[in-house]
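What follows is one structure encoded as structure tokens, with my remarks underneath.
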Amino acid sequence: MSLILAVETSCDETAVAILRDGSNLLASEVWSQAEVHSAYGGVVPEVASRNHLAALPTVARRALERAGVGIAEIDAFAATVGPGLPTALLVGVAYAKALAVGCGRPFLAMNHIEGHLFSPFFGEPFVPPHLGLVVSGGHTLLVDVASFSERRVLGSTVDDAAGEAFDKVAKLLGLGYPGGVEIERLAREGDARRYVFPRSMRHSGDFQFSFSGLKTAVRYLLERERVHGPDVAASFQAAVVEVLAEKAVAAALACGRDLIAVSGGVSSNAALQAALSEAAARHRISVRLAPRELRTDNAAMIAYVAALRAGGGGDSLATDVEPSLDLERFAAPG
């Protein structure tokens, strides 16, 4: 399967990518609905799915034109089946299945989080052993990775994901969507020591996360007193990144890994990058980020994991979407 077309519609990005031989990215088109959903302060699932339905044919056509290939040249069609918004996932999966049937090619059902997890190694023929930290709008995971097909989920969030907490606190502060970028921008002007927010599960003795209480602490502070917005943003951000950095390094040490690979939209946060690099350096652990353009949702990472997995044939056209992340199945792919 040397030429793969991948579709990603798990949330509010409509994305199509075409990858040759697992490393040559011929096209990666992403149409973001962030501006559409900013009016609501977050993603509205039905609005997202309707926009995917309208945009997907155009985005796919642009990808084919940029790649300079015809649809009949594609060897396999991949799509994200989950996790994500059910109605949004259905649009991309149905589209990829239709192309697969029409062209007589295999359909590949791909996991969105798997795409993020391996995006720091995009284009490489194999995935080296490492500790993976996935921090996105919907998920926060620590994964011990021995190889592409051998992984162990060490911990996840018991409530809100880190990215979700950023979005919710941004909304409390009256900032725009997506909230992570807005919080980081405002935090540059603030004092991270001004307000002391909880570092939930920091000393829990495991690799689980919790950010719901932190969000609640910010809300109570805003209700209780007049505050300086930049200081709130900086103090909140510090509470999130300290826990992420400390637990990631502790997990790497526990697993004997000398490399931490960080992915997902929150991985672009400069404060997290600095905290993680500083904590890792003390133990001679390297930190690796996905390319900037592959940190938020995109189809290139989906095409890449499809290429790594290719060789075992296609998936059934009866494959349904999987909105929730099944940690047991994720840890034991195939």
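Just checking, how many residues over region 8-62 are of a type in the set (Asp, Glu) and buried (at least 16 other Cβ atoms within 10 Å of the Cβ)?
Final tally of qualifying residues: 4.
How many residues are touching a Pro at 6+ places or on another chain (Cβ under 8 Å), buried (at least 19 other Cβ atoms within 10 Å of the Cβ) and of a type outside the set (Gly, Ala, Ser) if we restrict to region 168-210?
Summing the residues that are touching a Pro at 6+ places or on another chain (Cβ under 8 Å), buried (at least 19 other Cβ atoms within 10 Å of the Cβ) and of a type outside the set (Gly, Ala, Ser) in region 168-210 gives 1.
Provide a single number: the residues in region 127-151 that are touching a helix residue (DSSP H, G or I) at 6+ places or on another chain (Cβ under 8 Å) and not in a strand (DSSP E or B).
7
Evaluate the following for residue 82: is it under 19 Å from residue 4 (Cα atoms), surrounded by 17 or more Cβ atoms within 10 Å (Cβ to Cβ) and at pLDDT 95 or above?
Yes.
Exactly one condition in (1) closer than 20 Å to residue 142 by Cβ; (2) more than 19 Å from the chain's Cα centre (by Cα) is not met by residue 196; state its number.
With (1) closer than 20 Å to residue 142 by Cβ; (2) more than 19 Å from the chain's Cα centre (by Cα) applied to residue 196, the lone miss is (1).
Taking region 211-226 only, how many residues are under 12 Å from residue 240 (Cα atoms), surrounded by fewer than 19 Cβ atoms within 10 Å (Cβ to Cβ) and not hydroxyl-bearing (Ser, Thr, Tyr)?
Qualifying residue count, region 211-226: 1.
Within region 156-214, track down each residue that is of a type in the set (A, V, I, L, M, F, W, C) and farther than 17 Å from residue 235 by Cβ.
Answer for region 156-214, where residues must be of a type in the set (A, V, I, L, M, F, W, C) and farther than 17 Å from residue 235 by Cβ: 158, 161, 181, 201, 207, 209.
Which members of region 46-99 meet the condition of being under 22 Å from the mean Cα position of the chain (by Cα) and of a type in the set (Asp, Glu)?
Within region 46-99, 46 is the sole residue that qualifies.
Which members of region 44-65 meet the condition of being in contact with an Asp or Glu (Cβ under 7 Å, 6 or more places away or on another chain) and not small (Gly, Ala, Ser)?
59, 62
Among (1) in contact with a Leu (Cβ under 9 Å, 6 or more places away or on another chain); (2) part of a loop (DSSP other than H, G, I, E, B); (3) surrounded by 23 or more Cβ atoms within 10 Å (Cβ to Cβ), which single condition is residue 119 missing?
Unmet condition: (2).
Select from region 8-44 the residues that are assigned to a strand (DSSP E or B) and in contact with a Ser or Thr (Cβ under 7 Å, 6 or more places away or on another chain) and write down the one among them that is farthest from residue 305 (Cα to Cα).
Checking each candidate, the answer is 31.
The values are calculated or read from the model by the stated rules, or taken from the named source; none is laboratory data. Keep in mind that what you see is a predicted model, and the values were worked out from it rather than measured. Heads up, the Cβs are rebuilt from the backbone with ideal geometry, glycines too, and the neighbour counts pull from every protein chain shown.
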